Ligand SMILES: Cc1ncc(COP(=O)(O)O)c(C=O)c1O
């Protein structure tokens, strides 16, 4: 009898499907998935429409991305981080950061190698590692401040470690790793000759005094780092799935080799629009961060009204809330209760953990605040009902 392959046998269905269905059924305000409920800025959409109508962008794009988008990615890295990227051999455009991370793992990690993952993690990392026939080694962040234990991190490095996936600003904890934390990770990667896959999709979603420091900018790190980012969060265009990977040509070559046989090339008109968007002046980036600073404030006051504790996010549009003061049960039970009885949907963090460490997330759920200010105001009214329970 035909069956699924063993490599996908453990994957199951994502919890997002269940929560989205439940949220719809109970008409809940959905703070589950990290998907803005507002639109991409109209000038950026206009560039997409113009590109689609121009008559030259509706066929396959070059495999590594259009020249204009690769140029814009390189200029952006130079403008914000003083990085000097080769626009021809140092960057590849992918179908979102999700494909970029997968292509990086397939292109830079051999079967049997170990890949260190900091958890709670973005849920595609571990399946990607498994599909590459490599071995995930998970190092947990510890609440309430979501910091890693230096000895636990050090112990994760072995003779088989090939890569480390680093996500900063971090989904779902909202941490932005400090220079001191990054230096420690860098030191271990240099000592053990490990490649870093740096997932920086929230690079512009950082709230002062936190500061985003790309690990590629640390001494001796550029040569061993591929940096992954995406237009999805920065331009509120998650549906376009335009991402990219950049780094030294010797590493990007491996990523591009995998990418050419995963998607070959990605949506052509969107690349023109993202090239325009990346070149927007600093005022766009400042306004984007300020918009989310307001949303963060609304989200935190909603959590306060419900008596939920939290670590104030330093970056991203997520917050992990501690519900242990108002509910006795697992994160999934609390999520179902909150969705059905209170009318607010969130995400239980089980899918962000290995089985071994899932207990660390017990008592927490994740809320996404990439939603309209009006909706976040309504969330406050609904969460207040938790206090009366
Ligand atoms: C940490 C992290 N990495 C990658 C992604 C995926 O980005 P994209 O939509 O560009 O594939 C997400 C999306 O939520 C994310 O949170």
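General remarks:
- Cα centroid separation, the range 41-82 to the range 174-229: 26 Å.
- Here the relative contact order of the chain, from alpha carbon pairs under 8 Å that lie six or more residues apart, stands at 25 percent.
- Beta bridges from DSSP with both residues in the chain: antiparallel share about 50 percent, rounded to the nearest 5.
- 233, 295 arranged by Cβ crowding within 10 Å, fewest neighbours leading: 295, 233
- Among 261, 148, 235, residue whose mean-square fluctuation peaks in a GNM of the chain (springs only between Cα atoms under 10 Å): 261
- Coarse-grained scattering of the chain at q = 0.10, 0.12 Å⁻¹, given as base-10 log I(q)/I(0) from a Debye sum over alpha-carbon atoms: -0.65, -0.95
- Comparing 21, 312, 330 in a Gaussian network model of the chain where C-alpha atoms under 10 Å apart are linked, the largest mean-square fluctuation is found at 21.
- For the chain, modelled as a GNM whose springs connect Cα atoms under 10 angstrom apart, the maximal fluctuation among 122, 284, 292 occurs at 284.
- Beta bridges assigned by DSSP with both partners in the range 1-149 are antiparallel in approximately 25 percent of cases.
- In angstrom, the C-alpha Rg and Dmax of the range 174-236 are 12.3, 39.
- The relative contact order of the range 270-389 comes to 33 percent, based on Cα pairs under 8 Å that sit 6 or more residues apart.
- Spherically averaged projected area of the convex hull of Cα atoms, the range 223-357: 12.0 nm².
Readers should treat all values here as calculations from the given coordinates under stated rules, not as data from a laboratory. Values in this document were obtained by computation on a predicted structure and should not be read as measured data. For neighbour counting, all protein chains shown are included, and Cβ atoms are generated from backbone atoms with ideal geometry for every residue, glycine included.
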